[in-house]
Each structure stands twice: as C-alpha cells, then as structure tokens.
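Colleague: Shown below is the structure under consideration.
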Amino acid sequence: MQYTFPTTIYLVAAAAFSHPAWSEASSSDDAQRARFEHVDTNRDGSISRQEFRDMRNSRFGDFDVDESGSLSSEEFGVAVKGTPAHRFRGMAFRRADQDGDDVISQAEWESMPLRAFDRLDANENGALDHAEFQP
Ligand SMILES: [Ca+2]
Ligand SMILES: [Ca+2]
Ligand SMILES: [Ca+2]
C-alpha cells in the first residue's frame, strides 16, 4: 500500500487549506495576501516550515467538532470533504491513526508529514514566498 501513501497524505494536508474559514477567499490579490499574512506570523514575507506546521496544527480544533480531543473517522471525513482526499479518506485515516485506536489524536495529526509544504516550495529553499503559497 506504500505507493498511495504520499499522495494521500499530501491531499489530507492540502485539505487543511479548504476549510470554510477561508472559503470566501476569492481570486483577488487582497484575499491571497490576507491568507499569506495569516500564516506568516512573524511578518518576514515568507512562510517557514514551522509557520506552515503551526497553521496546520491550529486547524485540529476546528475539525474536532465534539471537542473530544481527537478526530473520529466522521470528523476526519468532514475535514477532507470537498477535496480529492475524500475519496481516499478511509485509507488516509488508517495511515494517520498510528496507534490504531480508531481516532486521530492531536499528536498523530501533528506528526503527519508536511508534504503540502514540500510540494509548494518550488525552489526548495525551505520557505514559501507569495508566488509559491497558492492554496
Ligand atoms: Ca515568516
Ligand atoms: Ca472529536
Ligand atoms: Ca490514534
């Protein structure tokens, strides 16, 4: 099953961008700039790997709708709804659930690979500029 793992986890990570909180983002430059500045917490004009990770980690609470401290398969399904990952949500869930207790803990969520960052970092300098950050 290894062959589908990277793509699936990337899709799951990318799903973090499609949360309704940002869904009103139009294609306007202002909306794009606002998204970028939301993630660029130290305002240095680039998004570091850590800033990207912090952004993704902060989404956990949004997806944990029953505030149980973990994501059920249903919550995970909602988190990836409307994204290509939804089709593979069962496998993606089992991959992320490292200890096999049928929920995704915050630690498990935060340990998922940052494949979305790696894909967006076109020049591989470990940071995303405005052109690279196009969620
Ligand atoms: Ca920054
Ligand atoms: Ca939950
Ligand atoms: Ca688990």
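The values are calculated or read from the model by the stated rules, or taken from the named source; none is laboratory data. Just so you know, these numbers come straight off a predicted model, no measurement behind them. Don't worry about glycine lacking a Cβ; one is built from the backbone with ideal geometry, like all the others, and counts go over all protein chains shown.
Colleague: Kindly indicate the residue of the stretch 95-106 that is surrounded by 13 or more Cβ atoms within 10 Å (Cβ to Cβ) and over 17 Å from the mean Cα position of the chain (by Cα) and also nearest to ligand 2 (Cβ to nearest atom) among those meeting that condition.
Modeller: Within the stretch 95-106, the match that is nearest to ligand 2 (Cβ to nearest atom) is 103.
Colleague: Let me ask you something else. Among 98, 134, 50, which is the only one that is on the phi < 0 side of the Ramachandran plot and within 16 Å of ligand 3 (Cβ to nearest atom)?
Modeller: Going through 98, 134, 50 in turn, just one is on the phi < 0 side of the Ramachandran plot and within 16 Å of ligand 3 (Cβ to nearest atom): 98.
Colleague: Follow-up question, since we're still on this one. Any idea how many residues of the stretch 14-54 are of a type in the set (Ser, Thr, Tyr), closer than 23 Å to residue 78 by Cα and either at pLDDT 95 or above or surrounded by 14 or more Cβ atoms within 10 Å (Cβ to Cβ) (or both)?
Modeller: Residues in the stretch 14-54 being of a type in the set (Ser, Thr, Tyr), closer than 23 Å to residue 78 by Cα and either at pLDDT 95 or above or surrounded by 14 or more Cβ atoms within 10 Å (Cβ to Cβ) (or both): 1 in total.
Colleague: Filtering the stretch 41-79 down to residues that are without any contact (Cβ under 8 Å) to a residue 24 or more places away in the chain and either touching a Lys or Arg at 6+ places or on another chain (Cβ under 7 Å) or among the polar types (S, T, N, Q) (or both), which residue is nearest to ligand 2 (Cβ to nearest atom)?
Modeller: Here the answer is 77.
Colleague: Take residue 112 and tell me if it is more than 16 Å from ligand 2 (Cβ to nearest atom), surrounded by 12 or more Cβ atoms within 10 Å (Cβ to Cβ), touching a residue at least 24 places away in the same chain (Cβ under 8 Å) and in a loop (DSSP other than H, G, I, E, B).
Modeller: Yes; evaluated as a whole, the condition is true for this residue.
Colleague: Restricting the search to the stretch 28-56, which residues are within 21 Å of residue 113 (Cα to Cα) and away from ligand 1 (no atom under 16 Å from the Cβ)?
Modeller: None; the set is empty.
Colleague: So which residues in the stretch 59-94 are exposed (fewer than 13 other Cβ atoms within 10 Å of the Cβ), polar (S, T, N, Q) and assigned to a helix (DSSP H, G or I)?
Modeller: none
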